[in-house]
Amino acid sequence: MYPEIMLIPMREELTRAGLKEARTAAEVDAALAQPGTTMLVVNSVCGCAAGKMRPAVRLALQHGTKPSQAITVFAGQDQEATEKARSYFTGYPPTSPAVAILRDGQLVYLMQRSAIETSTAPAIAEELARAFDTYCATTTA
């Protein structure tokens with residue numbers, strides 16, 4: 001684990017963009033128990049999180065359609081919260097960074113490290129915006 005002082009800017013890059021930190025398993029469960037869509041970001045100290053994932057999440061959140069809420073856990077630091085978050089990604093191996101969208105607590109979209117590290121921040125943001133349009137748009141009857 002890294003000293004917390006080193007992580008503050010990495011955490012704040014997402015919280016300043018409006019994501020709420022979940023640092024315990026109970027906080028993850030409480031957030032995902034809320035109705036609607038939740039973007040869950042697995043943050044990391046790695047270069048692809050710094051140069052691609054975090055900037056992409058910030059860009060994507062400028063899109064017109066957004067999840068009802070957005071939370072983040074920090075892999076390698078907030079172990080309990082990260083394990084709980086990953087427990088919602090049934091059938092997928094754990095990776096960090098990662099960006100998931102859950103609807104009413106059920107996984108509907110997952111972007112794993114392999115997609116993040118082979119792309120650019122603008123391309124990732126575009127993909128996330130498409131996912132927001134697909135999974136987060138409200139419908140009226």
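GNM remark for the chain: springs join alpha carbons under 10 Å apart, and the peak mean-square fluctuation among 36, 51, 64 falls on 64. DSSP beta bridges confined to the chain are antiparallel in about 60 percent of cases. Among 38, 72, 95, the largest mean-square fluctuation in a Gaussian network model of the chain (Cα springs under 10 Å) belongs to 95. Rounded to a whole number of µm²/s, how large is the Stokes-Einstein D of segment 4-133 at 37 °C and 0.692 mPa s, given Rh as the Kirkwood radius over C-alpha pairs? Stokes-Einstein gives a translational diffusion coefficient of 231 µm²/s.
Counted by Cβ distance under 13 Å from residue 55, the other residues give a net charge of +2, where Lys and Arg count +1 and Asp and Glu count -1.
Report the extension gain between residue 29 and residue 79 in nm, rounded to one decimal, defined as 0.36 nm multiplied by the number of residues separating them, less their alpha carbon distance.
In short, 16.6 nm is gained.
Cβ crowding within 10 Å, taken as a proxy for footprinting-reagent exposure, orders 52, 66 from fewest neighbours to most as 66, 52.
Other residues with beta-carbon under 13 Å from the beta-carbon of residue 118 carry, at +1 per Lys or Arg and -1 per Asp or Glu, a net charge of 0.
Computed from point charges on the beta carbon alone (+1 for Lys and Arg, -1 for Asp and Glu), the dipole magnitude for segment 1-66 about its Cα centre is near 260 Debye.
Any read-out appearing in this document is the output of simple, stated calculations on the displayed coordinates, not a laboratory observation. Worth saying up front: this structure is predicted, and the values here are computed from it rather than measured. Glycine gets a Cβ as well: all are built from the backbone with ideal geometry, and neighbour counts include every protein chain shown.
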